[in-house]
Amino acid sequence: MPDAHADQDWRAWFAEHGARLRLIARQWTRSEADADDVLQEAFVRFWKHQRHLPGNPNALVVTSIRRSALDLLRRGDRRAAREKVVGDDMDTVTWFEPEADPRLAALADSLKLLPAEQREVVVLKVWGDLTFDEIGDQLSISPNTAASRWRYAMEALRKHITARTHD
Amino acid sequence: MTDPDHDIAEALASLRPRPPGTAVTARLARELDASANRRGVIIAWSAGLSALAAAFGAAFVFLGGAVEPEAPAYQLVRVEQSRPDVQFFRPVQMEDGSFARPVRVRWQDTTRWEDARSNTRLINYRPNDQLTLLPLETN
């Protein structure tokens with residue numbers, strides 16, 4: 001089968017998109033280290049088996065990340081003891097570079113307060129660059145449900161930021 | 001019509017996710033290099049074996065041996081992964097008191113080879129079925 005992306009420099013592609021892909025991995029994992037592991041495994045799996053496929057590679061890489069994250073969660077049962085010690089650093093480690101603008105910093109903090117099902121739609125839409133149709137495919141939900149979760153998330157973020165601004 | 005969420009979405013997009021660490025980038029580079037090298041070795045071996053087979057074939061024909069019908073030479077033409085079928089089950093409580101939702105994910109990998117000369121196909125269907133637990137956050 002001909003390689004649809006034969007001229008693609010995949011290292012350069014990863015350098016350009018690695019940060020947002022890592023964020024996608026991060027919101028489906030319990031720790032920074034897990035996010036790195038998932039990202040590495042997912043990208044290598046994509047590179048070995050799917051890089052020659054036609055179309056936009058972005059959605060394939062996101063699918064691969066989700067699959068790796070689910071695999072890791074499944075394996076997670078076997079390392080429960082370590083998880084208890086390490087704990088979930090969801091609330092203590094920043095997902096973003098520090099922001100000087102307090103409104104942006106508040107927004108970054110507020111993202112973690114969203115319910116997981118809304119947060120993953122936001123992350124996939126903003127940083128995954130996916131449409132609601134594609135998000136629906138990823139999460140096995142209808143595009144309307146994805147759009148609905150997006151609207152609820154936007155509303156919640158607006159409330160969080162407003163509350164923080166008034167504090 | 002204006003999108004009321006546009007300002008929030010625009011602000012979100014201006015946040016800068018932390019890039020992967022240098023350790024990840026280095027590990028990835030090593031992995032890609034190793035895979036490329038392994039592929040190079042396989043191609044080199046394949047080329048060498050092909051040349052050897054051609055030499056034996058030519059000698060056989062030259063010596064007047066009967067030519068057997070050649071076995072199909074399958075070429076990989078397509079690898080597909082079906083859309084995953086995800087089933088969510090009722091949440092369960094874990095030993096540490098946290099809650100998790102069992103999720104069953106099923107999909108199928110299909111690999112297809114073809115031999116243009118004999119116009120034959122070889123298709124491998126591999127069903128996958130995984131059961132996993134998604135941690136639920138509680139406030």
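The values are calculated or read from the model by the stated rules, or taken from the named source; none is laboratory data. As the structure is a prediction and not an experimental result, all values here were calculated from the model. Note: ideal-geometry Cβ built from the backbone for every residue, glycine included; neighbour counts use all protein chains shown.
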Requested in this report: Determine whether A:Asp167 is among the acidic types (Asp, Glu), surrounded by fewer than 15 Cβ atoms within 10 Å (Cβ to Cβ) and either farther than 23 Å from B:Pro20 by Cα or modelled with pLDDT under 95 (or both).
Outcome: yes
Requested in this report: Would you confirm whether any residue within the range A:14-21 is among the hydrophobic types (A, V, I, L, M, F, W, C), assigned to a loop (DSSP other than H, G, I, E, B) and touching a residue at least 24 places away in the same chain (Cβ under 8 Å)?
Outcome: no
Requested in this report: Mind telling me which of the residues B:Arg106, B:Arg83, B:Arg78 ends up being within 25 Å of the chain's Cα centre (by Cα), within 13 Å of chain A (Cβ to nearest Cβ) and assigned to a loop (DSSP other than H, G, I, E, B)?
Outcome: B:Arg83
Query raised in the report: Out of the range A:111-161, which residues are away from every other protein chain (no Cβ under 11 Å) and hydrophobic (A, V, I, L, M, F, W, C)?
Result: A:Val121, A:Leu124, A:Leu130, A:Phe132, A:Ile135, A:Ala146
Query raised in the report: So how many residues does the range A:110-136 have that are in contact with a helix residue (DSSP H, G or I) (Cβ under 8 Å, 6 or more places away or on another chain) and either small (Gly, Ala, Ser) or assigned to a helix (DSSP H, G or I) (or both)?
Result: 18
Query raised in the report: Tally time: how many residues in the range A:1-26 are touching a Lys or Arg at 6+ places or on another chain (Cβ under 7 Å) and more than 10 Å from every other protein chain (Cβ to nearest Cβ)?
Result: 1
Report summary line: Restricted to the range B:109-139 and to residues being over 22 Å from the mean Cα position of the chain (by Cα) and under 25 Å from A:Gln138 (Cα atoms), the residue surrounded by the most Cβ atoms within 10 Å (Cβ to Cβ) is B:Leu133
Query - Candidate set: the range A:29-80, residues that are assigned to a loop (DSSP other than H, G, I, E, B) and more than 9 Å from every other protein chain (Cβ to nearest Cβ); chosen: the one surrounded by the most Cβ atoms within 10 Å (Cβ to Cβ) - result: A:Thr29
